[in-house]
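Notes follow once the structure below has been shown.
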Ligand SMILES: Nc1ncnc2c1ncn2[C@@H]1O[C@H](COP(=O)(O)OP(=O)(O)O)[C@@H](O)[C@H]1O
Ligand SMILES: [Mg+2]
């Protein structure tokens, strides 16, 4: 009970920090002593006296303040009123953050040990479990997880974003997080980052998996999940199909009763284009070499075939006639583009104009 209250107060301060307008010297001072400020804010307000670190930070900000000056950011009453103004959405997110930070306790000893080991390394990329920048595989209680090491501000952003899709298959699920240790522990999504797949691997994705991938996006939109759909945030596994990761949000971006983002612009078109482009060759890689031109044309042909294959699957999932028509147009326009490209790069006159000379 006591632990829950403590975690709630910390989550509330993180929420407040991601919403209210602070300068970085104030914000970072609060982060430095998060637990201290979180436990007293509702009774004593957010205030402190300027120490050396604060004075230094303000100097970076071209502002001067004397050592020991009393800085009063928010009174206890203002703080409490602010928290009271939060609607259902923000309260839901706070509860989610409490749940995940409470769950951290069971992993804490092992994670702390891992962080210690990591510190011993000159370059954390050398760790055998390194996956990406400050992201590692980790086994906890016999299960495979991914651990991300982030500033507490980003831990909060990830929790806020991922809270929208809790419990949904094929989406990253956070199991625990800690602001103080700066970590997020997520279930491991199997497979490879989409940008690391070969054209052959992408072409062998089944129709069912493509369908399931776009269906996931219908769920994402329905739950108003903030997504940054780029190839690094999409995983693909031969058995499990598509998996989506890396969702962030912050309180200043959240409004109650806000409508969902556009299904096509934010969800469908990005995934569609990522899949199509990953079977082709980007135009900036074409050189005046005959083979490279041939490869480029082949890539365009594969892109055309991929669009053809995806078209009925994707259109079938759209219920609104406007969406159907607009998505069909996007696909047709892309087809036109690739058809034009093939025609152009098969035309000797165009090639001579473009490259001058062609290397056989
Ligand atoms: N839950 C996960 N399962 C599998 N791989 C993951 C997971 N989370 C992150 N990764 C890997 O780590 C990379 C970086 O993680 P991400 O959450 O996208 O952080 P960033 O904010 O650095 O983009 C991803 O592109 C992916 O390869
Ligand atoms: Mg990412």
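With 338, 350 as the choices, which residue is within 19 Å of residue 291 (Cα to Cα) and under 34 Å from the mean Cα position of the chain (by Cα)? Explain how you work it out, then say what you get.
Numbers: 350 fails: under 34 Å from the mean Cα position of the chain (by Cα).
Answer to the selection: 338.
Out of the residues in region 246-275 meeting the condition of being within 15 Å of residue 219 (Cβ to Cβ) and not in a helix (DSSP H, G or I), tell me which one is modelled with the lowest pLDDT. It would help to see each step written out before you state the result.
Of region 246-275, the ones within 15 Å of residue 219 (Cβ to Cβ) are 247, 260-261, 263, 266-268, 271.
Those still in the list that are not in a helix (DSSP H, G or I) too: 247, 260-261.
On the way: 247: 97, 260: 84, 261: 90.
Looking at residues that are within 15 Å of residue 219 (Cβ to Cβ) and not in a helix (DSSP H, G or I), I get 260.
Tell me the residue from 78, 99, 66 that is outside any helix (DSSP H, G or I) and over 18 Å from residue 32 (Cβ atoms), please.
Working: 78 fails: outside any helix (DSSP H, G or I); 99 fails: outside any helix (DSSP H, G or I).
From the options 78, 99, 66, the qualifying one is 66.
Assess whether residue 111 counts as being in contact (Cβ under 8 Å) with a residue 24 or more places away in the chain, within 13 Å of ligand 1 (Cβ to nearest atom) and surrounded by 16 or more Cβ atoms within 10 Å (Cβ to Cβ). Show your work before the answer.
Details: in contact (Cβ under 8 Å) with a residue 24 or more places away in the chain: yes; within 13 Å of ligand 1 (Cβ to nearest atom): no; surrounded by 16 or more Cβ atoms within 10 Å (Cβ to Cβ): yes.
Criteria not met by residue 111.
Checking the conditions here, which among 248, 234 is within 11 Å of ligand 1 (Cβ to nearest atom), surrounded by 15 or more Cβ atoms within 10 Å (Cβ to Cβ) and under 9 Å from the mean Cα position of the chain (by Cα)?
Numbers: 234 fails: under 9 Å from the mean Cα position of the chain (by Cα).
None of the other options fit; the residue is 248.
Within the set of pairs 6+ apart or on separate chains, which have a first residue in region 152-173 that is over 20 Å from residue 13 (Cα atoms) and free of Cβ contacts under 8 Å to residues at least 60 places away in the same chain, a second that is within 11 Å of ligand 1 (Cβ to nearest atom) and in a loop (DSSP other than H, G, I, E, B), and C-beta atoms under 8 Å apart?
167/173
crowded, with 17+ Cβ neighbours inside 10 Å, at positive phi and touching a helix residue (DSSP H, G or I) at 6+ places or on another chain (Cβ under 6 Å) - does that describe any residue in region 35-45?
Yes.
Check region 164-177 and report whether any residue there is at pLDDT 95 or above, under 28 Å from residue 35 (Cα atoms) and out of contact with any strand residue (DSSP E or B) (no Cβ under 7 Å at 6 or more places or on another chain).
Yes.
Which of the residues that make up region 276-325 are within 29 Å of the chain's Cα centre (by Cα), under 19 Å from residue 199 (Cβ atoms) and not in a helix (DSSP H, G or I)?
278, 279, 280, 281, 282 - these are the residues of region 276-325 that are within 29 Å of the chain's Cα centre (by Cα), under 19 Å from residue 199 (Cβ atoms) and not in a helix (DSSP H, G or I).
Checking residue 257 against (1) more than 16 Å from ligand 1 (Cβ to nearest atom); (2) at positive phi; (3) in contact with a helix residue (DSSP H, G or I) (Cβ under 6 Å, 6 or more places away or on another chain), which test does it fail?
(3)
Restricting the search to region 194-210, which residues are crowded, with 16+ Cβ neighbours inside 10 Å and in contact with a helix residue (DSSP H, G or I) (Cβ under 8 Å, 6 or more places away or on another chain)?
Selection gives 194, 199, 202, 205, 210.
The values are calculated or read from the model by the stated rules, or taken from the named source; none is laboratory data. Since the structure is predicted, the reported quantities are computational estimates derived from the model, not experimental observations. Backbone-built Cβ (ideal geometry, glycine too); neighbour counts: all protein chains shown.
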